[in-house]
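Colleague: My questions all concern the structure below.
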Amino acid sequence: MLIALLQAVASGLAVGGAYALIALGFSITFTTTKTLNFSHGDFVSVGSFIGVTVLWLVLGKPINAPLVGVTLSIWQQLLAAVVTVVVVGLIGVMLYFLAVKPFSGKPGMSWVMSTIGFGIILTSIGLAIWGPSQIVVPSPVGDDVIRIAGVGIRPQEILMFVVAIVVMAALDWVMQRTIMGKAMRAVAHDQRVASLMGINVTAVMVGAFFLSSALAGLSGFLIAPIASASLYVGLSIALKGFSGAIIGGLSNPRGCVLGGFALGLLESLVNLWQAQWREIVVFLLVILVLAVRPHGLLGLRTVEKV
Amino acid sequence: MRFLHPVIVVAISIGAAALAAVIGNDYYLRIAFMMCVYYLCAAGMNVLVGYAGQKSLGQAGLFAAGAYGAALLSTSFDLNAWVALVAAAAIAGLCGVLIAWPSLRVRGPYLAMVTLAFGIVVEKLVSEWTEVFGGAQGIYGIKPLELAGVPFANLQWVWFGIALGAITHLLLRNLLSGRFGRAFLSLQADEIAAESVGVSVYRYKILAFVIAAVTCGIAGAMVAQQNQYLNSDFISFQLSIFILLLVLFGGSGSLYGPLIGAISLTLIDALLARWPAVQHFAYGGLLLFALYAMPNGVAGLFSRFFTKRSVIEPVPATQKQPTTAPIQRNEDRSRPLLDVTSVSKNFGGVRPANDVTFRLQHGHVHALIGPNGAGKSTMINMISGVLTPSSGRIAFLGSEIGGLESHGICRRGIGRTFQNLRLFAGLSVLENVLLGQHCRMKNGFWVSLLALPQARREEAAANARATAILDTLGLRELAQAPAGSLPYGLQRRVELARALATEPQLLLLDEPAAGLNPQETAELGKLIVAISKLGVTILMVEHHMDLVMSISDHVIVLDYGIKIAEGAPSVVQCDKRVIEAYLGAEAA
């Protein structure tokens, strides 16, 4: 029983890392532009496939060739990771100019629809290139299960967790300590004032979308060896990342990260009890949290001055 | 003239029904049926999205509530199909309340998340709880609607759909063209201002959710009954998006938008059904670019060609004296109108009100002055219900109002304007003032929905009163101009007109002269005096000392949340503490 519980906690923390990365991505665009990418999930799944495609290219294999049993050097994996992050980040920049910029700051939240539309197009293109099937992806750190005190952990799960923590710590440092991070927080606080202080607001927003999408790409790349690459899993992963962000409070990046991990743990624990109720419980919880704390558990309450 | 529109609708419906009878092809009839179904979804959704301004991404959940409601009632409980249809609408309506409840507290992306999560929960529930909902296997043998024991054929389903669509259109048109439509629009524009004119934000949000839920539920039930089969594949996130797209593509906030959206998107859907990849791509493109090219949908595109831009008239130079008494009640004038007793307010460590006590007398002009940060606006906000006092009593005409909601306080007879204008910018000047009349109109939901004589009488009376007020303030010529398009000084006057339209006994003015030039300020002063002569008591926060000193009967001075002086203007002017507060201790 205890072993099963620890097992659930371990895998919950790993998948929670992916949720936390996604949650952080939501928080970054929300704080800077007051918009969210509703097609974030498609970015995650496209990220997985771009990573795999790089592997196919460096191995000289055709697209959709099976990758099971192939040995890859660490450099090949690293290249795939970097390319994924950059390419998905650039798609994010494209999203900003096509779907967000025309609508941001205007009433009516049209960006909800336009980003969903962008995602649908992205998935359509993805389906045309990679087809609808799932691809099993080898892990860069091997697929042999490690046993710690009877709990089996896959190396990829440890990698996922560690990378998530490192990336988020680095981002936190950037946001708090560097001039770039301060510029982003200034834009988040008040666009007009920030631009009066000589901050290039558009550049910051483009940067925010690049960063947020790159994080989605990274989590897609990291989760592919755990959950296998598929164009259909993105929506559910991103929704949970979104839920994590909402529970933690969109306006608070650290809260979002905690929310992401909490959601991964919760999901994993509910899974222990009843696998098919997993999502229902998770989303009911989100509704409940918001009904009680409309700005998330750790979010700032904004008081409108009258 | 009043019956022209219904007659045209009935004629078009009969024409469409006849056309369907001529076509007779099952494939085309199926498309026509889906048009009707989607129209129903879109018509209700339009109230929620286009009027009340609430985005819902979980409409598939309400569709499911109706569809599974009808399916289970007729299979498990062996209920008559007609009864099942009505019951399904009721079940969906209840689910609408359920989803509206958390939505009352959350806004923007959080609201999108709540509705989205609701949709996902329902989707998972019907696909995973196979014992009840049959999952992907589905439910067979759902009873179709029948007449005299004969089940509906495809043609009858289309006729039924057209009839239901026409009825829905007429009813919603009744509702939205009057008091309820304006109230929904006010929610979208500014919730705090809506409350201040007596619109209960809670009630109207729930109502909008329920209307969208009921029409969506009926649509779901019709699909289940027509197919006589239902499985979990019907309910998906894509359906939620599609229902929202119907409204946004057709034109949200327009009565005909949903119709255009339903017809055109169902057609596109059917034409592209053979190529799912293209269909997918087309939806993506529509979502991405349609709103960019047509912010108000196809309907907005049309109306741009048909309506001429209204030209804003120059400011009328002279003002007439107010002629209409806003309200005359026989109240006991011996008691004070408003009694504020040791009211305090804490924001964390900040205390913008600290044990403040004062009284307002009937018919007087009271001024509330003090340096910046003295807590003047906080006091106005507490009296009008925007803020709740931390302690103390606020009694209006002898009854406690501290902590009541704004709309209730407005109804009792306290009107207000805001420091930073809060007009319903997209609505016309007349509509703004009519919204002021909202809480004085007595036509309820059913009366308005069915356009009973009472609704017309109330609407006509409100129109007459609003026009009289506009006349008084010299805004008559601007009645049809969008309020947000007016110059600043006129917007201030429109806000005053809106507050007067609530027929207040006490009018709270939060810096009415801010941003006005000297001449406008002088005009405002005359206007305030004239309004008070009609028996309206006035409490104004103001920084223009010459205005305050020339028109007020009684001045209350706050500094750091503490009342430091009160009395006649001449007395207050000489008060040592007041001079200290304004100029500093040394200067005194």
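Colleague: Pairs only if they're at least six apart or on different chains, beta carbon under 8 angstrom, first in region A:279-295 and facing chain B (nearest Cβ under 7 Å), second assigned to a loop (DSSP other than H, G, I, E, B) and β-branched (V, I, T); list them, first residue then second.
Modeller: That search, which allows pairs on different chains as well, returns A:L290/B:V106; A:A291/B:V106; A:P294/B:V106.
Colleague: Further question on the same structure: Which of the residues that make up region A:239-278 are of a type in the set (A, V, I, L, M), within 11 Å of chain B (Cβ to nearest Cβ) and closer than 19 Å to A:I22 by Cα?
Modeller: Of all residues in region A:239-278, those of a type in the set (A, V, I, L, M) come to A:239, A:245-247, A:250, A:257-258, A:262-263, A:265-266, A:269-270, A:272, A:275.
After this cut, where a residue has to be within 11 Å of chain B (Cβ to nearest Cβ) as well, the list is A:239, A:245-247, A:250, A:275.
Those that are of a type in the set (A, V, I, L, M), within 11 Å of chain B (Cβ to nearest Cβ) and closer than 19 Å to A:I22 by Cα: A:L239, A:A245, A:I246, A:I247, A:L250.
Colleague: Looking at B:V158, is it under 34 Å from the mean Cα position of the chain (by Cα) and either within 14 Å of another protein chain (Cβ to nearest Cβ) or not charged (D, E, K, R) (or both)?
Modeller: Spelling it out, B:V158 is indeed under 34 Å from the mean Cα position of the chain (by Cα) and either within 14 Å of another protein chain (Cβ to nearest Cβ) or not charged (D, E, K, R) (or both).
Colleague: Now for a different question. Any idea how many residues of region B:80-97 are more than 15 Å from B:Q54 (Cβ to Cβ) and within 14 Å of chain A (Cβ to nearest Cβ)? Lay out the reasoning, then the answer.
Modeller: In the first step, residues of region B:80-97 are kept if they are more than 15 Å from B:Q54 (Cβ to Cβ); the result is B:80-95.
Now drop any that are not within 14 Å of chain A (Cβ to nearest Cβ), which leaves B:95.
Residues meeting the conditions: 1.
A quick yes/no check of all residues on (1) assigned to a helix (DSSP H, G or I); (2) within 25 Å of B:A514 (Cβ to Cβ):
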| site | (1), (2) |
| --- | --- |
| B:R411 | yes, no |
| B:L421 | no, yes |
| B:N432 | yes, yes |
| B:W446 | yes, no |
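Colleague: Tell me which residues, restricted to region B:19-53, are within 20 Å of B:L175 (Cβ to Cβ) and either within 14 Å of chain A (Cβ to nearest Cβ) or of a type in the set (A, V, I, L, M) (or both).
Modeller: Listed by number, the residues that qualify are B:L40, B:A42, B:A43, B:M45, B:N46, B:V47, B:L48, B:V49, B:G50, B:Y51, B:A52, B:G53.
Colleague: Between B:G58, B:G119, B:G53, B:G108, which is surrounded by 24 or more Cβ atoms within 10 Å (Cβ to Cβ) and either within 23 Å of the chain's Cα centre (by Cα) or among the basic types (K, R) (or both)? Explain how you work it out, then say what you get.
Modeller: Details: B:G119 fails: either within 23 Å of the chain's Cα centre (by Cα) or among the basic types (K, R) (or both); B:G53 fails: surrounded by 24 or more Cβ atoms within 10 Å (Cβ to Cβ); B:G108 fails: surrounded by 24 or more Cβ atoms within 10 Å (Cβ to Cβ).
Within the list B:G58, B:G119, B:G53, B:G108, the selection yields B:G58.
Colleague: Between a residue in region B:1-20 that is under 25 Å from B:N154 (Cα atoms) and any residue that is of a type in the set (D, E, K, R), which pairs come within a Cβ distance under 9 Å, given they are 6 or more apart or on different chains?
Modeller: B:V9/B:R173
Colleague: Show me the helices (runs of 4 or more DSSP H) found entirely inside region A:1-105 where at least 1 residues are charged (D, E, K, R) and in contact with a Ser or Thr (Cβ under 6 Å, 6 or more places away or on another chain).
Modeller: On the way: elements: A:2-33, A:40-59, A:74-95.
Correct list: A:40-59.
Colleague: In the list A:I158, A:I247, A:I148, which residue meets the criterion of being closer than 18 Å to A:A10 by Cα, aliphatic (A, V, I, L, M) and in contact (Cβ under 8 Å) with a residue 40 or more places away in the chain? Lay out the reasoning, then the answer.
Modeller: Values: A:I247 fails: closer than 18 Å to A:A10 by Cα; A:I148 fails: in contact (Cβ under 8 Å) with a residue 40 or more places away in the chain.
Just a single option satisfies the conditions, and that option is A:I158.
Colleague: Identify, from the list B:Y283, B:Y229, B:Y292, the residue that is within 14 Å of another protein chain (Cβ to nearest Cβ), more than 18 Å from B:M45 (Cβ to Cβ) and hydroxyl-bearing (S, T, Y).
Modeller: Values: B:Y283 fails: more than 18 Å from B:M45 (Cβ to Cβ); B:Y229 fails: within 14 Å of another protein chain (Cβ to nearest Cβ).
The match here is B:Y292.
Colleague: Right, next: Please verify whether A:V187 is within 11 Å of chain B (Cβ to nearest Cβ) and out of contact with any Gly (no Cβ under 7 Å at 6 or more places or on another chain), treating the condition exactly as stated. Spell out the reasoning first.
Modeller: Values: within 11 Å of chain B (Cβ to nearest Cβ): no; out of contact with any Gly (no Cβ under 7 Å at 6 or more places or on another chain): yes.
So A:V187 fails the test.
Colleague: Can you tell me which residue within region A:126-141, out of those that are assigned to a helix (DSSP H, G or I), buried (at least 16 other Cβ atoms within 10 Å of the Cβ) and more than 20 Å from the chain's Cα centre (by Cα), is farthest from the other protein chains (Cβ to nearest Cβ)?
Modeller: Let us first name the residues in region A:126-141 that are assigned to a helix (DSSP H, G or I), namely A:126-130.
Adding the requirement that they be buried (at least 16 other Cβ atoms within 10 Å of the Cβ) leaves A:126-127, A:130.
Checking which are more than 20 Å from the chain's Cα centre (by Cα) leaves us with A:127, A:130.
Numbers: A:L127: 7, A:W130: 13 Å.
Applying the filter and picking the extreme gives A:W130.
Colleague: Name the residue, out of B:L509, B:L490, B:L486, B:L547, that is among the hydrophobic types (A, V, I, L, M, F, W, C), within 25 Å of B:I409 (Cα to Cα) and crowded, with 17+ Cβ neighbours inside 10 Å. Please lay out each step first, then the result.
Modeller: Numbers: B:L490 fails: within 25 Å of B:I409 (Cα to Cα); B:L486 fails: within 25 Å of B:I409 (Cα to Cα); B:L547 fails: within 25 Å of B:I409 (Cα to Cα).
When all the criteria are applied, what remains is B:L509.
Colleague: Tell me the residue from B:S428, B:S406 that is buried (at least 17 other Cβ atoms within 10 Å of the Cβ), within 14 Å of chain A (Cβ to nearest Cβ) and at pLDDT 90 or above, please. It would help to see each step written out before you state the result.
Modeller: On the way: B:S428 fails: within 14 Å of chain A (Cβ to nearest Cβ).
The match here is B:S406.
The values are calculated or read from the model by the stated rules, or taken from the named source; none is laboratory data. As the structure is a computational prediction, the values presented were derived from the model and not from experiment. Note that each Cβ is placed from the backbone with ideal geometry, even for glycine, and that neighbours are counted across all protein chains shown.
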